[in-house]
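These notes are about the structure you will find just below.
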Amino acid sequence: MADKATLPLLTAVPKTEGGSPWLTKLRRTAVENAERTGLPGVRTEAWKFTNLNALKALEPVAATGTAEIARLPAFADLQAVELHLSNGTLTHADAMPEGVDLVGLAEPDDAPDWVSETLGTVAETAPHPFTAINTGAFTGGIALRIRKGAAVETPILLLVDTRSLEGAGTVAAHPRILVVVEDGAMADLVEVHTGGGAYVNNAVTELVIGKDARLGHYKLQAESGEAFHIAMTAARCAANSTYDNFALSTGATLSRNEIRATLAGRHIEYRINGGYLACGDQHMDTATFIDHAEPDCASHELYKGVLADRAHGVFQGKILVRPDAQKTDGYQMNRALLLSREAEINSKPELEIYADDVKCSHGATVGELEDDQLFYLMARGIPEERARAILVSAYVDEAVDHIQREPIRDAFRAAAAEWMQKNIAGAPAEGGL
Amino acid sequence: MALLEIENLHAEVDGKPILKGIDLSIEAGQVHAIMGPNGSGKSTLSYVLAGREGYEVTEGSIRLDGHDLLEMEADERAVAGVFLAMQYPVELPGVTGMTFLREAVNARRKAVGEEEIDAMGFLKMVRAKAKTLGVTDDMLKRAVNVGFSGGEKKRNEILQMAVLEPKFCILDETDSGLDIDALKVVSEGVNALRTPERSMLVITHYQRLLNHIEPDVIHVLAHGRIQKSGGKELALELEQNGYADFVEAAA
Ligand SMILES: Nc1ncnc2c1ncn2[C@@H]1O[C@H](COP(=O)(O)OP(=O)(O)OP(=O)(O)O)[C@@H](O)[C@H]1O
Ligand SMILES: [Mg+2]
């Protein structure tokens, strides 16, 4: 359903003529795709639970100017090298650890081959209008390469912040992130998205994970309460690799976090877990797509959602098992906890299996806090609000605990606890056994 | 004045009257036992005392140390000194035993305006108490009651009681699910908590527990009322004759 009126998101398209041929072609195709498709409407199956009218009503201008970015308290103690993207512009970069190359994407015409050869090859623009807009319009971002065999111990912490500066009105930013993990390399990337005021953050993170490589990729979406967060994470994994993905959403008035991965080799371990914590009138949409293209791969997916007040959660999870992908082991579960009668969840798990020798299961549950658990805590002297926060934290931590790296796990636990503190009150203290 | 005073207590669940006029008074330092047939209202009484929602008191009063318990929420009663070791301890996925205990102790301290407890000292204290009750370190690290055996759950309840040091303890069938050795260990743990200030209400079906934890008074509860009270000999009598007398008497 083309909706051309909404393409002002594209207003700031950089010139598509006169640059490097690869980039010109990439941008031109992307813009064509965006214009052909328009923004998704209510009849677009992949978006059927998420109404974009409020976003379409915006007339954002390209985000300009930059601001200092500070770490959220939950990440204060995390040992990491930092990168800052303010309104899409790389404003700060610590020295990268050995084996890591960093390239800014402000002027990608001059980018090295490993960038020009991979950018846009995983995040498809034809079926995904927002990805197309990002590809056509990105004015900045980063490309990271973890060199062959490099074992990078220190996590890379990418702080992405969007805000309207100098009275610019509602702004839109299209940060672009490319990560190439070469064969046998190992690294951890943490993305934290924050901002101020009303804006659109239309981010695309593209990942190419090589043979025998391991990437931990952890994302916190903690945008401002008036923000629109539309994000695409697209990964392609090669044989024997491990991709440990975790995403926690707490911010934005409307958010869509889409994560797509193609398991394009044998014996890949794909872990895709996450949580969504929403209150007030927030709308949070999580869409995941796992493409089992080769045999002997395992995917594990657990999402835990907490919806308070009038919040609306959406979870659409699809697992595709292609004919060749025998011995696929796929597990998917979405669990949502409704803390109020007005909160709502739409869950749509979907399995599409063309191989006959596979082990796949999926499910979705919706629940409320258990009275007997609440009573048990209160009968030990814990006030009701605190008791609720303890139970909700424990609920979410079940997903957070899947993060493989402990210091990062602790940071995400703290981020979830901060949300409890703010929105459920009296959250449990950190620490202990 | 007695530590606990229950007068003419009537309570219902889902509109169904369960307790139909209970009078019970327990002096500080005393241990009372309640026995009675299945479904007679023993657990209901324990929940009403602990302040569980859904148990509606329609008549009567409960006072602890002169304070009106019915005016308080469950957490406030716990802070005031009520402790219920449950017949069916609840599982708390994702909440470790240690966190649970620390939260409980700190909630209490906060309520009376004290500082949070020192983490290291607390850990040591809990471990020492756990050891005497046969609660392993592993159980403290695991989620509360999740995957615990029936007996492990009961020990865990008594550990909480030992850590929280309440004024008034209700033990609802703490003996069920315990093996012979565990019954001894747990009873010793309970006896160690007997002080001149602390009172207990022990609900059980079996005389055997009362050999270990010797009560001052035994009551027979049937049809929502205390039908008879007496000394230790009453338990032996019940062991012999069952509840036939009381069930028929009230029927
Ligand atoms: N939600 C409820 N709705 C209706 N009746 C209930 C409800 N909860 C409890 N009851 C009834 O209240 C009565 C007393 O139950 P209670 O658990 O107090 O018995 P009890 O004496 O502890 O029995 P037991 O020895 O088996 O533990 C039972 O008949 C029970 O079925
Ligand atoms: Mg009972």
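Structural remarks
- Filter result (open to solvent by less than 10 Å² (accessible area, probe 1.4 Å) and within 13 Å of ligand 1 (Cβ to nearest atom)) within segment B:41-64: B:Gly41, B:Leu45, B:Ser46, B:Val48, B:Leu49, B:Ala50
- B:Gly151 being in contact with a Gly (Cβ under 9 Å, 6 or more places away or on another chain), more than 8 Å from chain A (Cβ to nearest Cβ) and part of a helix (DSSP H, G or I): yes
- Among (1) open to solvent by 10 Å² or more (accessible area, probe 1.4 Å); (2) within 16 Å of ligand 1 (Cβ to nearest atom) - the single one B:Leu221 does not satisfy: (1)
- For the residues A:Asp110, A:Asp101, A:Asp183, the requirement of being surrounded by fewer than 21 Cβ atoms within 10 Å (Cβ to Cβ) and at pLDDT below 95 singles out A:Asp110.
- The residues of segment B:41-84 that are within 14 Å of chain A (Cβ to nearest Cβ) and touching a His at 6+ places or on another chain (Cβ under 8 Å) amount to a single one, B:Ala80.
- For the residues B:Arg77, B:Arg102, the requirement of being closer than 30 Å to B:Glu12 by Cα, among the basic types (Lys, Arg) and crowded, with 19+ Cβ neighbours inside 10 Å singles out B:Arg77.
- Some residue of segment B:71-80 being within 16 Å of ligand 2 (Cβ to nearest atom), more than 20 Å from B:Ala222 (Cα to Cα) and in contact with a Lys or Arg (Cβ under 8 Å, 6 or more places away or on another chain): no
- B:Ala107 under 19 Å from the mean Cα position of the chain (by Cα), within 12 Å of chain A (Cβ to nearest Cβ) and open to solvent by less than 20 Å² (accessible area, probe 1.4 Å): no
- Hey, B:Asp245 more than 21 Å from B:Leu133 (Cβ to Cβ), open to solvent by 30 Å² or more (accessible area, probe 1.4 Å) and modelled with pLDDT of 95 or more or not: no
- When residues of segment B:193-211 are limited to those that are in contact (Cβ under 8 Å) with a residue 60 or more places away in the chain, surrounded by fewer than 21 Cβ atoms within 10 Å (Cβ to Cβ) and away from ligand 1 (no atom under 16 Å from the Cβ), the one farthest from the other protein chains (Cβ to nearest Cβ): B:Pro196
- Condition met for A:Glu352 (at pLDDT below 95, charged (D, E, K, R) and farther than 23 Å from A:Thr242 by Cβ): no
- Residue check, A:Ala143 open to solvent by less than 10 Å² (accessible area, probe 1.4 Å), out of contact with any strand residue (DSSP E or B) (no Cβ under 7 Å at 6 or more places or on another chain) and assigned by TED's automatic domain parsing to the domain that holds A:Leu72: no
- The lone criterion from (1) over 22 Å from the mean Cα position of the chain (by Cα); (2) among the charged types (D, E, K, R); (3) under 30 Å from A:Glu406 (Cβ atoms) left unmet by A:Glu269 is number (1).
- Test result for B:Pro37, closer than 22 Å to B:Lys232 by Cα, within 16 Å of ligand 1 (Cβ to nearest atom) and surrounded by fewer than 22 Cβ atoms within 10 Å (Cβ to Cβ): yes
- Residue count for segment A:312-370, restricted to those that are β-branched (Val, Ile, Thr) and part of a loop (DSSP other than H, G, I, E, B): 2
- A:Arg163 being over 16 Å from A:Thr89 (Cβ atoms), open to solvent by 10 Å² or more (accessible area, probe 1.4 Å) and basic (Lys, Arg): no
- Residue in segment A:203-210 that is farther than 26 Å from A:Tyr276 by Cβ and not small (Gly, Ala, Ser) present: yes
- Condition check for A:Gly88: in contact (Cβ under 8 Å) with a residue 40 or more places away in the chain, open to solvent by less than 40 Å² (accessible area, probe 1.4 Å) and of a type outside the set (A, V, I, L, M, F, W, C): yes
- Selection within segment A:33-60 - touching a Pro at 6+ places or on another chain (Cβ under 6 Å) and open to solvent by less than 40 Å² (accessible area, probe 1.4 Å): A:Ala34, A:Leu39, A:Trp47
- B:Leu171, sole failed condition from (1) away from chain A (no Cβ under 14 Å); (2) within 16 Å of ligand 2 (Cβ to nearest atom); (3) of a type outside the set (Asp, Glu): (1)
- Scope segment A:390-414; condition more than 8 Å from every other protein chain (Cβ to nearest Cβ) and crowded, with 22+ Cβ neighbours inside 10 Å; matching residues: A:Val392, A:Val396, A:Ala399, A:Val400, A:Ile403, A:Ile408, A:Ala411, A:Phe412
- Only one entry of B:Val146, B:Val135, B:Val163 meets the criterion of being over 11 Å from B:Leu101 (Cβ atoms) and either touching a residue at least 24 places away in the same chain (Cβ under 8 Å) or away from chain A (no Cβ under 12 Å) (or both), and that entry is B:Val146.
The values are calculated or read from the model by the stated rules, or taken from the named source; none is laboratory data. Please read all numbers here as calculations on a predicted model, not as lab measurements. Quick reminder, even Gly has a Cβ in these numbers, built from the backbone with ideal geometry, and neighbours come from all protein chains shown. Remember, those area values only see protein heavy atoms, side chains included, never the ligands or the DNA or RNA. Shrake-Rupley method; radii C 1.70, N 1.55, O 1.52, S 1.80 Å.
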